[in-house]
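Chemist: One structure follows; several queries about it will come next.
Every number here is computed from the coordinates shown, using simple stated rules; none is lab data. Please read these numbers as outputs of a predicted model, since none were measured by experiment. Every residue, glycine among them, receives a Cβ derived from its backbone with ideal geometry; neighbour counts consider all protein chains shown.
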Amino acid sequence: MLAWAWLYTHPAPRIIRVDVGEMFDEQKKRLAEKITPGMSEQEQKALFQSAGEYASKVEAALTTLSKECGCAVMNSAAILRLPEANATGIPDMTLRLRELVGQSG
């Protein structure tokens, strides 16, 4: 009875994980492909602006994702070790984050 009461008053935190690092690495590669020798200053500014816009989209998508699930969002890079079965018990919602950002995987 005591265990039930403790579990009832101390529910497990709801956490999901996303691989933000991978998403930013992919975006960085896409931007690097657009860099060409002799780019005009205007083209460079547009490239930097698109990088900033992407970061803002990710930030907004993380907020939306957290609201959708009513949970905390953890970066996958924060996980130090996984069981051999790779089953963390923490759902990976990177694909949903990609959808919200408008980025294909």
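Chemist: Being closer than 17 Å to GLU22 by Cα, among the small types (Gly, Ala, Ser) and free of Cβ contacts under 8 Å to residues at least 40 places away in the same chain is the filter here, so list the residues in segment 53-77 that pass it.
Modeler: Within segment 53-77, ALA55, SER56 qualify.
Chemist: Scanning segment 59-80 for residues that are touching an Asp or Glu at 6+ places or on another chain (Cβ under 9 Å) and assigned to a helix (DSSP H, G or I), which turns out nearest to GLU99 (Cα to Cα)?
Modeler: ALA61
Chemist: Could you identify the single residue in ILE79, ILE90 that is more than 25 Å from ARG30 (Cβ to Cβ) and surrounded by 15 or more Cβ atoms within 10 Å (Cβ to Cβ)?
Modeler: ILE90
Chemist: Identify, from the list SER104, SER56, the residue that is at negative phi and in a helix (DSSP H, G or I).
Modeler: Residue meeting the stated conditions: SER56.
Chemist: Can you tell me which residues in segment 30-47 are assigned to a helix (DSSP H, G or I), out of contact with any Asp or Glu (no Cβ under 9 Å at 6 or more places or on another chain) and surrounded by 10 or more Cβ atoms within 10 Å (Cβ to Cβ)?
Modeler: The answer is ARG30, LEU31, GLU43, GLN44, LYS45, ALA46, LEU47.
Chemist: Out of all the residues in segment 17-51, which are in contact (Cβ under 8 Å) with a residue 24 or more places away in the chain and of a type outside the set (Lys, Arg)?
Modeler: VAL18, ASP19, VAL20, GLY21, GLU22, MET23, PHE24, GLU26, GLN27, ALA51
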